[in-house]
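Take a look at the structure below.
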Amino acid sequence: MSNKYAPPAEWIDGQKNVPGFWKGSYEDVLEVIGSVKKGRVTLGTTSAGGRDIYMVEYGKQGDLRRTATFNSATCVNRRDTDCYANKKGDDIKPCLMLMGCIHGLEFEGTVSLLNLISLLETGRDFLGDEHPELVQAAEKLHLIIIPMVNPDGRCRFPYRSIVGAPFLTFRYYAQGTWKNGELCHHPACKAVHPIKEASDFLGCYFNDDGVNIQQEGVLTMSNEARFLFETAHRFAPDILVNMHGGSDTAGGLLDTSLAPQKLRNEILGLDQRVCTAFAKEGYKYVITSKYNSTDVNFKPQGLTGMLHLCCGGLSMTYESNQGVYVGPDRPDSQVLNHEQIYRTHQLLYAEVFRYTCEIFEKRRQGK
Ligand SMILES: [Zn+2]
């Protein structure tokens, strides 16, 4: 790599102190997937670089009695899309779809999802802790876990953890460099898509074709996004969480302007609960103002928005803290360590598990 952005030797040396529970590499995913016995493993697709992308399910889903796609069903009745997914049967469970590592350097979600799989398989996470309340809440769900959507990007980062890295090293690995060797900053990196031919070092953001899976739209350019769309369509999740990270950011949920205001208000309701849970333990959390879809600057939030359009579920992006210090001018900044980052995900999951059941019951009652 260019020496200009190389991490300092002491940071590289510190990698040996990354705690053992912090499993977030592609090899870790393969190892954990190989150990699954209670869940059902599916090889969903392969990445642009030929790497396997797996899905693990817990809880069996019943018959949704489907006769139409979601979009077709909305033309019959926008409030009641039973001909796409009839959830009134006794065999139907609340459905939650969790996706990790859409951007290859943002694998905090992968770490927490692999720990969750361990918890559901063995009763203990990789710290050796039991979380019976989380297990019991998960047992009420049809839980779909895709721990690593973008293994190509993750494999371009040669370390176990990004926590504590200098910001420019972080930026180098996250978005890469242009042909002239300058950093592809954010959001300027999004001006070229796919970016492969324009980049010198292809950042971990992208798959091996230079596609930013998060910015996929109607012209699906990757197997990875296609698999997520097919999965959302197939199972009609009540809630979908697309997991990301943002350096020293406070936690937060981003919705999509492509969803109706009613659903966006429901995401706001979840936001408030997660915010309260974070505040109780001293973690920063930002309730992002939800963009008004009549504003010309509205953001469809790419993949998150398209996933909503596939299935009608509450689709949201979660931004995790990554333990990377950006600078002194960031008011909501907090730099968490590995244990703290993992803990914030546990708090998120506890609230999302509960909320999925509530939304499911509301829908059954036609609300
Ligand atoms: Zn991201």
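With the other protein chains left in place, how much accessible area per residue, in square angstrom, belongs to the chain at a 1.4 angstrom probe?
Roughly 41 Å² per residue, with all protein chains present.
Spelling out what I want: for every residue of the stretch 183-199, take phi, set θ = phi - 60°, compute 6.51 cos²θ - 1.76 cosθ + 1.60 (Karplus), and round to whole Hz; glycine and proline get x.
5, 7, 6, 9, x, 4, 4, 7, 6, 10, 8, x, 9, 3, 5, 8, 9
What FRET efficiency comes out for GLU339 versus VAL76 if R0 is 41 angstrom and r is the Cβ-Cβ distance? Round to the nearest 0.05.
Working: r = 49 Å, r/R0 = 1.20.
The formula returns an efficiency of 0.25 here.
Pairs LYS38/LYS299; LYS299/LYS367; LYS23/LYS280; LYS16/LYS140: which exceed 30 Å Cα-Cα?
Working: LYS38/LYS299 39 Å; LYS299/LYS367 27 Å; LYS23/LYS280 27 Å; LYS16/LYS140 38 Å.
Too far apart for the 30 Å limit: LYS38/LYS299; LYS16/LYS140.
What residues have an amide H closer than 5 Å to that of THR45, excluding those fewer than 5 places away on the same chain, when H is modeled at 1.01 Å from N in the peptide plane?
Under 5 Å from the amide H of THR45: ILE53.
By how many degrees, between 0 and 90 and to the nearest 10, does the Cα long axis of helix 108-122 differ from the longest principal axis of the chain?
The angle comes out at about 60 degrees.
Between ASP248 and residues 5 or more places away or on another chain, which pairs have amide H atoms under 5 Å apart, with H built 1.01 Å from N, and which residues are they?
Distant-sequence amide H within range of ASP248: GLN322, VAL324, VAL326.
Would you compute, for the Cα atoms of the stretch 3-364, the largest minus smallest coordinate along each principal axis and list the three values in descending order, in whole Å?
Cα extents, longest axis first: 59, 47, 41 Å.
About its Cα centre, how strong a charge dipole does the chain have in debye, to the nearest 20, once Lys and Arg get +1 and Asp and Glu get -1 at the Cβ? Write out the running numbers ahead of the final one.
Details: 40 positive and 43 negative charges, 192 e Å.
That gives the chain a dipole magnitude of about 920 debye.
Need one value: the accessible area of TRP22 in square angstrom, 1.4 angstrom probe, rounded to the nearest 10.
10 Å²
For a quick check: with amide H placed at 1.01 Å from N, whose amide H comes under 5 Å from ASP80's, ignoring anything fewer than 5 positions away on the same chain?
Here nothing satisfies the definition.
Rounded to whole Hz and in sequence order, give me ³J(HN,Hα) for the stretch 21-28 from the Karplus expression 6.51 cos²θ - 1.76 cosθ + 1.60, θ = phi - 60°, writing x for Gly and Pro.
6, 7, 9, x, 8, 5, 5, 4
In whole Hz and in residue order, list the ³J(HN,Hα) couplings for the stretch 138-152 that follow from phi through the Karplus curve 6.51 cos²θ - 1.76 cosθ + 1.60, θ = phi - 60°; x for Gly and Pro.
Working through the residues one at a time gives 5, 5, 7, 10, 8, 9, 10, 10, 10, x, 9, 7, 10, x, 4 Hz.
Please go through the stretch 255-344 and write out the GluC sites (Glu not before Pro) that DSSP classes as loop and that have at most 16 other C-beta atoms within 10 Å.
On the way: sites: GLU266, GLU281, GLU319, GLU339; in loops: GLU281.
Those that pass, being in a loop and sparsely packed, are GLU281.
Can you pull out the trypsin sites (Lys or Arg not before Pro) in the stretch 36-99 whose DSSP state is coil and whose Cβ has at most 13 other Cβ atoms within 10 Å? Mind dumping the intermediate values first?
Values: sites: LYS37, LYS38, ARG40, ARG51, LYS60, ARG65, ARG66, ARG78, ARG79, LYS87, LYS88; in loops: LYS37, LYS38, ARG51, LYS60, ARG65, ARG66, ARG78, ARG79, LYS87, LYS88.
Those satisfying the criteria are LYS37, LYS38, LYS60, ARG78, ARG79, LYS88.
The values are calculated or read from the model by the stated rules, or taken from the named source; none is laboratory data. The structure presented is a predicted model; accordingly, all values stated were derived computationally and were not measured. Here Cβ is always computed from backbone atoms with ideal geometry, including for glycine, and neighbour counts include all displayed protein chains. Just so you know, the surface numbers come from the protein's heavy atoms only, side chains and all, with ligands and any DNA or RNA stripped out. Shrake-Rupley method; radii C 1.70, N 1.55, O 1.52, S 1.80 Å.
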